[in-house]
Structure formats: structure tokens, C-alpha cells
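Visitor: Got a structure here, written out as C-alpha cells. Questions coming.
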Amino acid sequence: MEDPLSRYDSLVDDPAAFHAACDRPLPSVVRVNEIKATPRRVRQAFEETGVEFEPVEWHDGLLRLGDDESPGNSWPFVHGWVYGQEEVSAVPALALDPVPGERVLDCCAAPGSKTTQLAARMDDRGLLVGNDNNLGRLSALRSNAERCGVSNLVVTRQDARNFSLKPFSGERFDRTLVDAPCSCEGTVRKNPDAVESWSLDHVEGIAGVQKGVLGRSIEVTRSGGTVVYSTCTFAPEENESVLQHAIENYDCRLVEFDLPLRSDPGITEWADGTFDESMRRAKRIYPHQNDTGGFFCAKLEVGA
Amino acid sequence: MTDGDEGAPIEENEGSRFDRLPATADERTVEGRPTRAAVVDWWVERFDLDPETFESYTFWEKGAGKVWAFADDIESPADVEGLGMTFLRARQEHWKPTTDAVQRFGREADRNVVVLEDEEARAFLRGEDTDPEWGGDWGYLIAAHEIASGIEPIGVGLYLYGELRSQMPKGRQREL
């Protein structure tokens, strides 16, 4: 069978490097949980106990562990000082950029790497809502948040396409993260299954869910507020096409944002269709660019 | 009964939802529910914390005596799956802090903190009883150890008859 990722050869600058990177395994990475520790203290604790690590150039709160290190078996993990997280998945919380005291929704939150990162960026103050619709995944979210010492989180179990503001006095959020369920092509370096079971039907089916989740997220975010849409997949059907649907049907627009790592702009043409020029404000991150997983991220301003 | 105006009615605790704790006993409407003041005083007193630590927190009961600490506030009762973190087990003779809360707030504690040696700390994390040097109170203590030039809480220990019984929950026990 042809590699499904070959459909993106026309989008990347160096297809051979792209495929080679997709075939390499990823190192274990931990993010420092700044509710409980500082990067300096985590580095010192790892050094004291002989855990091998190296810094990640673009983010001082991320540490790449040596090949034989398992993040779960160390005092820093026990203390909730670190969270095992693929480095590129630290991107959406940076793009959402919440501040302490705000009202923030993470509508597809479990198992909680980005939720706990948002809590830390909020200094554990204000209202953070972590929602998911799967009970098993919610229990992972709760235990991860507890270990990280997050105390400003409300956990809800709702279908994000019909998210209700009732528990929150009907008041909308300042910022919403939509880290959408997706076909996960970009995680191929960790889970080769993601590509082995690939089908266009699956991609198109999940795009329908993504449109519903993003649409509702825009509705529950206040005018002037921010929505960040992210996936760990390359398929334009799940990225630009979902955003195109949002800007045509809801009061919102894509805005520019900065990232400290290499990326390509979102695309404006795919298959037989074209997308709005503003898609170029989105960011596509390919595995060969920063030696990470693949990722997509866009920032929207609501009601502007 | 001719007068319906005799103070707040007494209700039963509804265990499946979160109810905000009353500020003081005068505002209590649910029998046996601990007050916010009592919960904060217990923590501040037992571990000698700055009373301002919990100033912006709201406290909630879900289940019988399970108290949660939340850094913000929402409408009560709250029909949600989680609200802040588990904080304290009340409605029993000896109130018991949770592992999560001890790890989150215990770093600032100046009283009832027992600092374990390396080997003891590992045994405590495995869920085993230890025999540390301790001349202080009996009851629930914060078990801590030294790491990266500081004292860091590990969890809750019950000190009785010269022995520290690890209260690490099964899912948090580790062999390091």
C-alpha cells in the first residue's frame, strides 16, 4: 500500500526529509509543571539522581530525556514537577496565552497535558474548565491535574458540540482551546498505527465532528475573545477546511501569532478547492522542521 | 406549627453533587457539614500556614465528608465531575488531609512536617511503615524529604506509637 503521508509531498519543502523524520522514533520529553517547580529545580533533581536529559532550545520548560529514561519513575514525577508530553503539543497553550484570573475552556481536555499547561500559565488562578465526553479519559484528566496540583480546574463531561454554559451562570469564556480529536497522522513517530489504519472516510468523518466542536467553541467565547484550534494531523480536510467552515458560518477571523519554532503557513489550495487567504496565518509544523511530531495550530479572534 | 420562621431548614447531605461549604456555623443548612472557617483553621493551625493561603479559595463537599478546595467560584450546587482538588476528609473524629493537598500546600508548612532520610522516603513512597526520629504530635503529618536544595512534601503519614504509617494511595505508590 502506498504511504498515505505521500499525499502531502506537494506541501512540504523536502519530501524525503519529511518521510525520513516520520520514520524515526521520538525521544521522551517532559514539561516542567511551574505550579510546583521551576526548570532549574527539575534540572537539579535530575542531575542529583543521574537522570539523563538535554534542554529543548525553543522552550526552557521542556526537557528531552535520554533513551533509557522513563519519566514516570523519578522523584520529580512523584512530586508532580514534570508531565510527560510531546514537545510540539506544548504549542497550543502558548498560542492561547491565557493570563491569571481569566475564564478559560479546554473543550477536548483529556488526558490533560495541555490543560495542566494552561493552569500553570494561569498561575493556577481564575477559572479553567476541562471538558471531555469519555469517562475513562476524564479519570485520567482528573488524576493528572491532581498530581500537578491544579486547583483552578472544573472538570465537566459534555459533548463539546453542544457545550452548555449552565454550570457557569451562562457566562462566556475569555479564551477557548479546541485541541480537536483527529486522525493523528502527526503522531506517526510514536504510533505507527495512526497511519496504518488511515482512510479518507475516517478523515472526512472526523472533520464533521471538528466543525461542530469549533463552531460551538466560538459561540461560548466572548466577543473579542480568543479561540485556538489545533490538531496533530496534516490533512487539510481536518485543518484549513474546518477553519474555512468556521469563518463562513461564525463571527470570527484568523489572526497572526508567533511561535518560537519553525513552521509553514497554512495552505490556500488543496485538491479541487481553495481556502481564504487568511489561512496563511495558521501554522503547519512538519516533523523534519524541528525534529518533533507533526502539528497544526490556528488562532481566531471572536466577533471582530 | 404556626411560625415557619425559625432559621434555616436542616437538609440531608446530597452526596452526588458539589455543595459550597457554609462560611460559618450560623449559615449551615446541611447537618454535620463542616464550615469553611473550620476547614481553613484546621489546615492553618495544624501545619502553621499563612492564613492568607486560602483566602481566594472556595470549599465544597461532595460525598460524605470529602472536602474539595477550588481556586475560583461557581454556582452551588454544582453538577460537575471535578472541582479544584480533594483537600480534606471531614465528618470523622480525626480529620485527614489528602495527598494532593499536602503536595500542593505543604511546602509552606512549618509544623507537623517530618523530614525523612533517603531510604525512609523510598519506603514511604512504597506505602511502607517507617520509624523516623519524631518528637512532635501524633496524628496526621506531612511526610517530606530533601530534594534539589529544598524540602518537598511526599504525602500524608499517620504517626502513632512511634511509627509512621504511609498513607500514599495505591495508585501513587512507586518503587524508586
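Computed from the coordinates by the stated procedures, all read-outs in this text should not be read as laboratory data. Model, not experiment: these values are computed from the prediction. Counting neighbours? That spans all protein chains shown, and the Cβs are built from the backbone with ideal geometry, glycine included.
Visitor: If we keep just the residues of segment B:147-162 that are out of contact with any Pro (no Cβ under 9 Å at 6 or more places or on another chain) and more than 10 Å from every other protein chain (Cβ to nearest Cβ), which is farthest from A:A45 (Cα to Cα)?
Guide: Looking only at segment B:147-162, we keep the residues that are out of contact with any Pro (no Cβ under 9 Å at 6 or more places or on another chain), and these are B:149-154, B:158, B:160-162.
Then keep just the ones that are more than 10 Å from every other protein chain (Cβ to nearest Cβ); that gives B:151, B:158, B:160-162.
Numbers: B:I151: 12, B:L158: 27, B:L160: 32, B:Y161: 34, B:G162: 31 Å.
Only one residue fits best here, namely B:Y161.
Visitor: Here is a further query. With the requirement that a residue be more than 11 Å from A:S28 (Cβ to Cβ) and in contact (Cβ under 8 Å) with a residue 12 or more places away in the chain, what does segment A:63-76 give you? First the steps, then the outcome.
Guide: Here is the first cut: in segment A:63-76, the ones more than 11 Å from A:S28 (Cβ to Cβ) are A:73-76.
Scanning segment A:63-76 gives A:S74, A:W75, A:P76.
Visitor: Can you run down the residue pairs with Cβ atoms below 9 Å, 6 or more apart or on separate chains, where the first is in segment B:60-72 and at positive phi and the partner is assigned to a strand (DSSP E or B)?
Guide: Taking only residues 6 or more apart or on different chains, the pairs are B:G65/B:L88; B:G65/B:R89.
Visitor: Where in segment A:197-302 are the helices (runs of 4 or more DSSP H), entirely inside, with at least 2 residues that are within 17 Å of the chain's Cα centre (by Cα) and under 17 Å from A:D9 (Cα atoms)? Reasoning before the result, please.
Guide: On the way: elements: A:200-219, A:240-249, A:287-290.
Result: empty, no element qualifies.
Visitor: Would you confirm, using the coordinates I've provided, whether A:S183 is out of contact with any strand residue (DSSP E or B) (no Cβ under 7 Å at 6 or more places or on another chain) and surrounded by fewer than 16 Cβ atoms within 10 Å (Cβ to Cβ)?
Guide: So A:S183 fails the test.
Visitor: Looking at segment B:42-91 only, could you name the residues that are touching a Gly at 6+ places or on another chain (Cβ under 7 Å), farther than 25 Å from A:A120 by Cβ and in a helix (DSSP H, G or I)?
Guide: Scanning segment B:42-91 gives no hits.
Visitor: What is the residue count in segment B:123-154 for residues that are buried (at least 20 other Cβ atoms within 10 Å of the Cβ) and on the phi > 0 side of the Ramachandran plot?
Guide: Matching residues across segment B:123-154 total 1.
Visitor: Kindly list the number of the only condition in (1) touching a residue at least 24 places away in the same chain (Cβ under 8 Å); (2) more than 14 Å from chain B (Cβ to nearest Cβ); (3) assigned to a loop (DSSP other than H, G, I, E, B) that fails for A:G149.
Guide: (2)
Visitor: Is one or more of the residues making up segment B:130-144 among the aliphatic types (A, V, I, L, M) and more than 25 Å from B:T58 (Cα to Cα)?
Guide: Yes: one or more hits.
Visitor: Also, I was wondering about something else. Search segment A:109-130 for residues that are of a type in the set (D, E) and pair each with any residue that is assigned to a loop (DSSP other than H, G, I, E, B) when their beta-carbon atoms are under 7 Å apart and the residues are at least 6 apart or on different chains.
Guide: Within 7 Å, the pairs are A:D123/A:P100; A:D124/A:I35; A:D124/A:V150; A:D124/A:S151; A:D124/A:N152; A:D124/B:A71.
Visitor: Which residues, counting only those in segment B:61-85, are within 7 Å of chain A (Cβ to nearest Cβ) and under 19 Å from A:A140 (Cβ atoms)?
Guide: Taking segment B:61-85 as the starting set, the residues that turn out to be within 7 Å of chain A (Cβ to nearest Cβ) are B:69-72, B:74-75, B:78-85.
Across segment B:61-85, the qualifying residues are B:V80, B:E81, B:G82, B:L83, B:G84, B:M85.
Visitor: For segment B:41-60, what are the residues that are under 22 Å from B:N13 (Cα atoms) and more than 14 Å from chain A (Cβ to nearest Cβ)? Even if it seems obvious, please write down each step before you answer.
Guide: Of the residues in segment B:41-60, the ones under 22 Å from B:N13 (Cα atoms) are B:42, B:57-60.
Across segment B:41-60, the qualifying residue is only B:W42.
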